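For reference, the structure discussed in these notes is given below.
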Amino acid sequence: MKAAVLHRPGTPLTVEDVDLDDPGPGEVTIRVLAAGVCHSDLHYMNGDLNARLPAVLGHEGAGVVERVGEGVTRVRPGDTVITLWRPRCGDCEFCTTGRPALCGLGRVQAASGGLLDGTSRLTLNGEKIHHLMGVSCFAEKCVVSERSVIVIDPSVPPEIAAITGCAVTTGVGTALNVMKDATGEGVVVIGAGGVGLSAVMGLRLIGANPIVAVDTVDARLDKALELGATHVVNVRTHGLAEELTRISPKPMTWSLDAVGAPQTLTQAIEVVGTGGTVVAVGLGKVGATVPVAINPLVQQEKRLIGSLYGSANAPVDMPKLVDLYKTGRLPLDTLLGERYELSAINEAYAALSQGATGRAVIIPGDGQ
């Protein structure tokens, strides 16, 4: 099969002929129909995040189950599925206490570059190579654990299903699961990429007001207005503090950093008022830190919290998100960006680096 391989950080992906083993016990083979162009993969490509290399990248995917391994009970051939980059074992302390996004099996996949047993199903030129986040969907097919897929309605377009697997669950999920008390309160969303725009949609669902989207690209801010932002600020041309004062005399109660850079998280902390809550969802470079002023943190009782994968319970939340799309409550078609063939994957990431609008997707093969 064709797959996009990262050999070393700082080098382009190479689309190569990769061999894929049959699924092992508890695993399934998926024919990939669409895969989202997520900034997290770019972090691995430029070396900000570490992964076992060489590896087939891609973690935000959707497709059809072709084969199942021994003992598989959750899916069957022909099912349409979304891939999960955090599995849900159902048995660890986090799964059993209602925080499955923190499932311990995710650390196994990250440390080994393999599937849940730590081994790989991918071979390049006779040598084993690695999976990324237990998915590796920048390929015509992938083998994943049955615990890393969610069955959905096959009528949902593959591109929509794919972006639901990461961007939508992270952004909308954070709004619904972490910021559910923001109804009627002011929120600043820093970063209007796929996750930030998804957060805007989720905040609109819960009735936050105002919803201020912040970015450096006007086209992204226009998209934020389409998706539910009440106001936008381009911080290349306007001062954020001054604009927020103009928008509302009352300080913002919530902020969300969807970028993951020290300067954006600092902004997120500074823009909330007394009793405000800052939610960090964007990943940054390994080892990156941000200074926090101690006295305002204490005297104003601000809160700084992190949210991974929308703090979602994927088997419950993803079908709900799909239903919200089907009933017109989540305008995910508007969120979609450009479509690219697998052979153009480096073009897709070049566009993302330059501020592309919406969530782009890769369409491997011919989709048949």
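The values are calculated or read from the model by the stated rules, or taken from the named source; none is laboratory data. Everything numeric here is computed off the predicted structure, so don't read it as measured data. Heads up, the Cβs are rebuilt from the backbone with ideal geometry, glycines too, and the neighbour counts pull from every protein chain shown. When the accessible area is computed, the model is the full protein with side chains, heavy atoms only, and any ligands, DNA or RNA have been set aside. Shrake-Rupley method; radii C 1.70, N 1.55, O 1.52, S 1.80 Å.
Given H placed 1.01 Å from N in the peptide plane, which residues other than close sequence neighbours of residue 360 have an amide H under 5 Å from its amide H?
Excluding prolines and chain starts, which carry no amide H, the hits are 37, 337, 338.
Find the eigenvalues of the gyration tensor of the Cα atoms of segment 251-368, then list the square roots of 5 times those eigenvalues as equivalent ellipsoid semi-axes, largest first, in whole angstrom.
Numbers: eigenvalues 229, 80, 31 Å².
One finds semi-axes of 34, 20, 12 Å for segment 251-368.
In whole percent, how big is the carbon plus sulfur part of the accessible area of segment 197-336, probe 1.4 Å, protein atoms only? The partial results should precede the final answer.
Working: 3560 of 6700 Å².
Of the solvent-accessible surface of segment 197-336, carbon and sulfur hold 53 percent.
So which GluC sites (Glu not before Pro) in segment 68-127 end up in coil per DSSP with only 16 or fewer other C-beta atoms within 10 Å?
Numbers: sites: 70, 93, 127; in loops: 70.
Answer in residue order: 70.
Hey, for a label at residue 226 modelled as a point 7 Å past Cα toward Cβ, could you say which residues of segment 326-345 have their backbone N under 14 Å away?
Residues passing the 14 Å test: 331-339.
Roughly what would the spin-label model give for residue 123 and residue 46, points 7 Å off Cα along C-beta, in nm?
Here the answer is 3.6 nm between the modelled labels.
Give the Rg/Rh ratio for segment 1-134, taking Rg as the radius of gyration of the Cα atoms and Rh as the Kirkwood radius, to two decimals.
Working: Rg = 14.8 Å, Rh = 15.6 Å.
Ratio value, two decimals: 0.95.
Taking 0.36 nm per residue of sequence separation and subtracting the Cα-Cα distance, how much length would be gained by fully extending the chain between residue 235 and residue 274, in nm to one decimal? Write out the running numbers ahead of the final one.
Working: separation 39, 0.36 × 39 = 14.04 nm, distance 2.31 nm.
Result for the pair: 11.7 nm of gain on full extension.
Considering only protein heavy atoms and a probe of 1.4 Å, how much of the accessible area of segment 1-65 is carbon and sulfur, as a whole percent?
Taking all protein chains in place, segment 1-65 shows 48 percent carbon and sulfur surface.
Apply the Karplus curve 6.51 cos²θ - 1.76 cosθ + 1.60, θ = phi - 60°, to the phi angles in segment 7-18 and return the couplings in whole Hz, x for Gly and Pro.
8, 8, x, x, 10, x, 5, 10, 8, 10, 7, 10
Can you give the helix-only mean residue ellipticity at 222 nm for the chain, where every DSSP H stretch with n ≥ 4 adds -39500 (n - 2.57) and the sum goes over all residues, rounded to the nearest 500 deg cm²/dmol? Before the final figure, lay out the partial values.
Values: 13 runs with 108 residues, N = 368.
My calculation for the chain gives -8000 deg cm²/dmol from helical runs alone.
I'd like the distance separating the alpha-carbon centroids of segment 76-116 and segment 227-250, in whole Å.
Here the two parts' Cα centres lie 38 Å apart.
Keeping every protein chain present and rolling a 1.4 Å probe, give me the accessible area per residue for the chain in Å². Don't skip to the end; give the middle numbers.
Numbers: 15230 Å² over 368 residues.
With all protein chains present, the chain gives 41 Å² per residue.
Short version: ³J(HN,Hα) in whole Hz for each residue of segment 129-145, in order, from phi by Karplus 6.51 cos²θ - 1.76 cosθ + 1.60 (θ = phi - 60°), x for Gly and Pro, what are they?
Ordered by residue, 3J(HN,Hα) equals 10, 10, 8, 10, 6, x, 10, 6, 9, 7, 6, 6, 8, 8, 10, 9, 5 Hz.
Report the label-to-label distance for residue 316 and residue 286 in nanometres (one decimal), using points 7 Å from each Cα along the Cα→Cβ vector.
About 3.4 nm, to one decimal.
Indicate, rounded to the nearest 5 percent, the antiparallel portion of the DSSP beta bridges found entirely in segment 1-152. Let's see the in-between values first.
Working: 30 of 31 bridges.
Counting only bridges with both partners in segment 1-152, antiparallel ones make up about 95 percent.
Give the separation of the Cα centroids, segment 165-202 to segment 1-59, in Å.
Each part's Cα centre sits 27 Å from the other's.
Over the chain, how many pairs of lysines fall under 18 Å by alpha carbon, counting only those 8 or more apart in sequence or from different chains? Walk me through the intermediate numbers first.
Values: 2/128; 2/141; 128/141; 180/302; 180/320; 250/302.
Lysine pairs, 8 or more places apart or on different chains, close enough: 6.
Applying the Karplus parametrisation 6.51 cos²θ - 1.76 cosθ + 1.60 with θ = phi - 60° to the phi angles of segment 41-48, what ³J(HN,Hα) value in whole Hz is obtained for each residue in order, glycine and proline being reported as x?
Per-residue couplings from phi come out as 4, 5, 4, 5, 5, 9, x, 5 Hz.
Provide, in order from the shortest bin, the percent of all Cα-Cα pairs of segment 258-313 in each 10 Å bin, continuing until the bin that contains the maximum pair distance.
23, 52, 24, 2
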